[in-house]
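See below for the structure under consideration.
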Amino acid sequence: GAVVSQHPSWVICKSGTSVKIECRSLDFQATTMFWYRQFPKQSLMLMATSNEGSKATYEQGVEKDKFLINHASLTLSTLTVTSAHPEDSSFYICSASQSYEQYFGPGTRLTVT
Amino acid sequence: TQLLEQSPQFLSIQEGENLTVYCNSSSVFSSLQWYRQEPGEGPVLLVTVVTGGEVKKLKRLTFQFGDARKDSSLHITAAQPGDTGLYLCAGLSDTGRRALTFGSGTRLQVQP
């Protein structure tokens with residue numbers, strides 16, 4: 001149980017375009033999902049907390065207009081990177097919360113050229 | 001801001017050796033979780049400890065939560081090459097905030 005999927009697993013896009021990443025909890029309902037980014041050889045950095053049916057809560061320094069988060073249902077949250085730039089290239093990971101435990105998706109490798 | 005300091009940052013050992021990874025904070029956590037992450041994949045939950053002083057064993061892995069719920073340790077006995085990976089501790093605040101605070105990670109390499 002407690003499986004979280006992400007799609008796509010990797011994406012390459014051109015600078016200036018937008019990319020949408022999906023996060024789904026497959027076998028449980030998640031009222032809260034989280035989005036992280038991870039640079040090589042570093043730990044996870046929380047970007048935002050996504051609550052079903054309400055606006056996401058962004059961490060300090062994360063641009064809410066650039067990283068659009070939508071939590072449309074109890075099993076789906078999406079992260080859209082708008083007007084992507086090469087510095088947005090990173091490993092993006094979502095997690096879904098079930099009580100006090102979090103289960104992570106497999107991650108999405110974004111490369112902006 | 002709650003911080004979790006993890007040590008060591010990097011550990012390279014021979015197969016069969018024992019090792020301990022530490023996770024320390026000045027803050028109290030309601031629970032603490034340990035994850036293992038392999039390159040290009042998401043973290044996989046190994047264990048959650050909730051009670052101060054709690055000890056949990058998962059085969060050759062032993063996890064301990066400090067009495068004051070501010071620190072934790074992960075001990076691996078007779079490490080194997082399959083244990084290689086990035087180990088992350090993450091704490092859940094007792095303030096009600098649902099986001100995890102992650103440690104900086106320990107990269108373990110077990111040589112055959």
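Sort B:84-95, A:43-54 by the packing proxy (mean of other Cβ within 10 Å over each peptide's residues), most packed first.
Ranking the peptides B:84-95, A:43-54 by packing returns B:84-95, A:43-54.
About its Cα centre, what dipole magnitude does the protein assembly as shown give when the only charges are +1 on Lys and Arg Cβ and -1 on Asp and Glu Cβ, stated in debye to the nearest 20?
Around 200 debye, computed over the protein assembly as shown.
Hey, if you put +1 on the Cβ of every Lys and Arg and -1 on every Asp and Glu Cβ in the protein assembly as shown, which of B:64, B:104, A:91 ends up farthest toward the positive end of that dipole?
With unit charges placed on the Cβ atoms, the residue in question is A:91.
Give, ordered by residue number, each residue of segment A:32-79 whose 1.4 Å probe accessible area is reduced by a minimum of 40 Å² on adding the remaining protein chains to the chain alone.
Buried-area filter returns A:43, A:44.
Mind listing the phi-derived Karplus ³J(HN,Hα) values for segment B:95-103, rounded to whole Hz, using 6.51, -1.76 and 1.60 with θ = phi - 60°, and x for any glycine or proline?
Working through the residues one at a time gives 8, x, 5, 8, 7, 7, 9, 9, x Hz.
Would you work out the relative contact order for chain A, in percent, from Cα pairs under 8 angstrom that are 6 or more residues apart?
37 percent
May I ask you to derive the relative contact order of segment B:59-99, considering only C-alpha pairs under 8 Å and at least 6 residues apart, and to give it as an integer percent?
Over segment B:59-99, the number comes to 28 percent.
Over chain B, with a single point scatterer placed on each C-alpha, what log10 of the ratio I(q)/I(0) does the Debye formula yield at q = 0.10 1/Å?
-0.26
Place +1 on the Cβ of every Lys and Arg and -1 on the Cβ of every Asp and Glu in segment B:1-95, take the dipole about the Cα centre, and give the residue among B:30, B:4, B:80 whose Cα lies farthest towards its positive end.
B:30
Once you charge only the Cβ atoms, +1 for Lys and Arg and -1 for Asp and Glu, what is the size of the charge dipole of chain B about its Cα centre, to the nearest 20 debye?
Approximately 260 debye in magnitude.
Across chain A, how many lysine pairs, 8 or more positions apart or on different chains, have C-alpha atoms separated by under 22 Å? Please give the number.
7
Net charge around residue B:47, counting only other residues with Cβ within less than 14 Å of its Cβ (Lys, Arg = +1; Asp, Glu = -1)?
Once all neighbours under 14 Å are counted, the net charge is +3.
Could you compute how fast the protein assembly as shown diffuses translationally, taking Rh as the Kirkwood radius over C-alpha pairs and applying Stokes-Einstein at 37 °C with viscosity 0.692 mPa s? Give it in µm² per second.
For the chosen part, D equals 182 µm²/s.
For the protein assembly as shown, give the percent of accessible area contributed by carbon and sulfur heavy atoms, probe 1.4 Å, rounded to a whole number.
50 percent
Tally Lys and Arg at +1 and Asp and Glu at -1 over the other residues with C-beta under 11 Å from the C-beta of residue A:94: what net charge comes out?
So the environment of residue A:94 carries a net charge of +1.
Explain nothing, just the number: dipole magnitude of segment A:1-88 about its Cα centre with +1 on each Lys and Arg Cβ and -1 on each Asp and Glu Cβ, in debye rounded to the nearest 20.
Taking the Cα centre of segment A:1-88 as origin, the dipole is about 120 debye.
Need the full-extension length gain, residue A:31 to residue A:72, defined as separation in residues times 0.36 nm minus the C-alpha distance. One decimal, nm. Don't jump to the answer; show the numbers that get you there.
Values: separation 41, 0.36 × 41 = 14.76 nm, distance 1.04 nm.
Length gained between residue A:31 and residue A:72: 13.7 nm.
Could you tell me how far the Cα centroid of segment A:34-60 sits from the Cα centroid of segment B:76-110, in Å?
Distance between centres, Cα-based: 18 Å.
What total accessible area, in Å², is buried where chains B and A meet, using a 1.4 Å probe and rounding to the nearest 100?
The B and A chains share an interface burying roughly 1600 Å².
The values are calculated or read from the model by the stated rules, or taken from the named source; none is laboratory data. All values reported here derive from a predicted model rather than from experimental measurement. Cβ: placed from backbone, ideal geometry, glycine included. Neighbour counts: every protein chain shown. Just so you know, the surface numbers come from the protein's heavy atoms only, side chains and all, with ligands and any DNA or RNA stripped out. Shrake-Rupley method; radii C 1.70, N 1.55, O 1.52, S 1.80 Å.
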